[in-house]
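What follows is a single structure, written as structure tokens, with notes after it.
No lab work stands behind these numbers, since they all come straight from the coordinates. Everything quoted here is computed from the prediction, not taken from an experiment. When we count neighbours, we look across all protein chains shown, and the Cβ atoms used for this are built from the backbone with ideal geometry, even at glycine.
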Amino acid sequence: MSTKTDTPPATFIDEGAIITALIGGARADAGRVREILAKASEAHGLELAEVAALTTISDPDLLAELFATARAIKEDIYGRRLVLFAPLYISNLCENDCLYCAFRVRNKELKRRALTQDEIRHEVEILVDQGHKRVLLVAGESYPQQGFQYVLDSVASIYEVKRGNGEIRRVNVNVAPLTLDEFRALKATGIGTYQLFQETYHRETYSKVHLGGRKRDYDWRVTAMDRAQASGIDDVGIGVLFGLFDWRFETLAILQHIQHLEETFGVGPHTISMPRLEPAVGSDIASQPPHPVSDLDFRKIVAILRLAVPYTGMILSTREGPSLRRESFAMGISQISAGSRTNPGGYTDDTVADMEQFQLGDHRTLDEVIRDVAQMGYIPSFCTACYRLGRTGADFMDLAKPGEIKHHCDPNALSTFLEYLEDYGSPETVAEGEQLIAETLASMAERERSTSNKLIAQVRAGRRDCLV
């Protein structure tokens with residue numbers, strides 16, 4: 001595990017500025033809100049005070065305008081693509097005592113387990129056989145005897161698995177905050193994004209819900225992305241656990257964190273995740289959130305963040321049920337998990353419930369999710385091209401902001417979707433998918449259609465991992 005010295009306070013999270021912005025935002029009238037929405041439609045992002053004003057929207061007409069603006073920006077930047085992945089929990093060992101989490105060290109109801117490397121490879125075989133191409137490695141914040149080397153070995157094990165036409169092409173990682181040297185070692189394994197949630201940016205709440213372990217150190221955790229970026233990992237993912245504190249505060253704090261990373265490293269996070277508190281074994285607070293977030297407020301969070309940081313990926317997990325997931329796609333979500341398990345060994349044995357981190361809201365299989373997504377007109381994408389071709393960090397944003405990234409993303413999405421259909425799709429999903437591909441090609445601009453047809457021809461001829 002990481003060792004550290006005292007961490008200076010992370011002053012870039014300015015609670016006073018957030019409160020001031022929220023007070024000012026509450027005074028915004030309909031005219032001011034519409035001015036902000038008009039600015040947001042230009043896809044250049046928003047300032048703290050402008051985001052604060054949007055959090056106060058309750059009028060049905062203004063809500064409709066908020067959602068419509070977010071939908072337009074999302075489709076203009078990301079098109080109809082939805083990237084799919086699966087979490088892979090390798091361990092639920094943890095030294096922290098977080099009141100909201102089933103993995104907390106004092107939870108005696110949880111059965112503890114750390115997968116062996118052979119068990120990890122077997123879990124990956126199952127995911128590959130389902131059609132997955134990218135996984136998010138997740139581990140509790142404590143490791144077996146080999147320490148952090150366990151994580152490095154696990155990444156290597158995931159990449160080792162080859163099954164017919166299938167393999168995991170990109171491993172993203174969600175593990176405890178690391179030292180600079182540990183981050184450098186993690187980067188050397190070939191990971192994609194390093195992901196870590198602050199859980200809550202509100203210091204008083206943070207201290208109340210983290211009772212023991214290294215995670216009690218707010219500043220060590222919130223500065224983890226600085227160390228990751230300094231180590232050369234230029235794709236990082238942030239997020240909070242909505243429900244611990246006022247969602248309006250948390251949304252503005254996310255924006256402050258993003259601004260800090262942009263000012264310090266020239267690029268903000270690659271993704272934002274937005275999990276809500278869900279029931280967890282051994283946690284009363286998870287079943288009764290201190291600051292519950294309604295479905296409507298959750299949709300507002302998605303829409304507001306899409307306007308505030310238009311080029312940042314937004315991730316929605318299977319914590320949420322199918323209905324809310326569907327509603328969120330149009331307003332800003334660009335990545336979703338599917339067929340998830342939140343306990344180590346969960347893909348091998350999906351009947352085990354006493355090792356889960358939290359309860360799932362969407363229990364559908366990957367194929368069922370893909371068919372549903374396709375029926376809605378979205379293109380399920382398994383693309384990992386940007387990671388492997390060096391389009392990460394600032395290089396990705398340099399392509400995204402002028403709209404050039406779509407020339408790569410749309411063709412890659414279609415070719416990886418066709419790979420899934422040919423290798424893993426059920427007959428019903430294949431029928432839906434082939435129709436969607438044909439309709440999408442017909443609606444594409446000539447440049448993207450020509451590139452897409454070339455990739456599709458290669459896939460139909462038996463090639464895999466065709467990318468631009």
| message | Residue by residue through region 85-100, what is 3J(HN,Hα) from phi via Karplus (6.51 cos²θ - 1.76 cosθ + 1.60, θ = phi - 60°)? Round to whole Hz and write x for glycine and proline. | response | 8, 10, x, 10, 7, 9, 7, 10, 5, 7, 9, 8, 10, 9, 4, 9
| task | Collect residues whose amide H, placed 1.01 Å from N in the peptide plane, falls under 5 Å from the amide H of Gln195; neighbours closer than 5 in sequence don't count. | result | Val173, Asn174, Val175, Gly237
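Classify region 284-331 as rounded, prolate or oblate from the Cα gyration tensor: take a ≥ b ≥ c as the square roots of its eigenvalues, call it rounded if a/c is under 1.5, otherwise prolate when a/b beats b/c and oblate if not.
Since a/c reaches 1.5 and a/b is larger than b/c, the shape of region 284-331 is classed as prolate.
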| task | Specify which residue in the list Ser41, Gly25, Pro9 is farthest towards the positive end of the charge dipole of region 1-65, using unit charges on the beta carbon of Lys, Arg (+1) and Asp, Glu (-1), about the Cα centre. | result | Pro9
| request: With a cut-off of at most 10 other beta carbons within 10 Å, and DSSP calling the residue loop, which GluC sites (Glu not before Pro) in region 1-88 qualify? Please list them. | output: Glu42
| Modelled FRET efficiency - R0 30 Å, Ala38 with Gln359, Cβ distances, 0.05 increments | 0.15
| field | Residues with amide H under 5 Å from that of Met274, placed H, sequence gap 5 or more | value | Ile315, Ser317
| Picking from Ile158, Met225, Leu316, whose Cα lies most toward the positive end of the charge dipole for region 78-363 (charges on Cβ: Lys, Arg +1; Asp, Glu -1)? | Leu316
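Which order do the peptides 21-28, 96-103 come out in when sorted by mean C-beta neighbours inside 10 angstrom, highest first? Mind showing how you got there, number by number?
Working: 21-28: 16.5, 96-103: 23.4.
In decreasing order of mean packing, 21-28, 96-103 become 96-103, 21-28.
Over the chain, what relative contact order in percent results from Cα pairs under 8 Å that are six or more residues apart? Show your work: numbers first, answer last.
Working: 865 pairs, mean separation 93.3, N = 468.
Taking the mean separation of contacting Cα pairs over the length of the chain, I get 20 percent.
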| request: Work out, step by step, the length gained on full extension between Asp349 and Ala185: first 0.36 nm times the residue separation, then minus their alpha carbon distance; give nm to one decimal. | output: 55.9 nm
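Identify the chymotrypsin sites (Phe, Trp or Tyr not before Pro) of region 286-379 meeting these criteria: DSSP loop state and at most 15 other C-beta atoms within 10 Å of the C-beta.
none
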| message | Take Asn165 and Ser287, extend 7 Å from each Cα along the Cα→Cβ direction, and tell me the distance between the two endpoints in nm. | response | 4.7
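Sorting check: for 125-131, 284-290, which peptide has the highest mean count of neighbouring beta carbons within 10 Å, and how do the rest follow? The partial results should precede the final answer.
Numbers: 125-131: 19.7, 284-290: 15.1.
In decreasing order of mean packing, 125-131, 284-290 become 125-131, 284-290.
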| Residue-by-residue Karplus 3J(HN,Hα) for region 180-193, coefficients 6.51, -1.76, 1.60, Hz, glycine and proline x | 4, 5, 5, 4, 4, 5, 5, 4, 5, 6, x, 6, x, 9
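Under a point-charge model restricted to the Cβ atoms of Lys and Arg (+1) and Asp and Glu (-1), what is the dipole moment magnitude of the chain relative to its Cα centre, in debye to the nearest 20?
Numbers: 52 positive and 66 negative charges, 92 e Å.
That gives a dipole near 440 debye.
Which length gain, in nm to one decimal place, applies between Glu15 and Leu62 when the Cα-Cα distance is subtracted from 0.36 nm times their residue separation?
Contour length minus the Cα-Cα distance gives 14.2 nm.
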| note | As a percent rounded to 5, the proportion of antiparallel DSSP bridges among beta bridges in the chain is 15
| said: Residue by residue through region 20-35, what is 3J(HN,Hα) from phi via Karplus (6.51 cos²θ - 1.76 cosθ + 1.60, θ = phi - 60°)? Round to whole Hz and write x for glycine and proline. | reply: 4, 5, 5, 5, x, x, 5, 8, 5, 8, 4, x, 5, 4, 5, 4
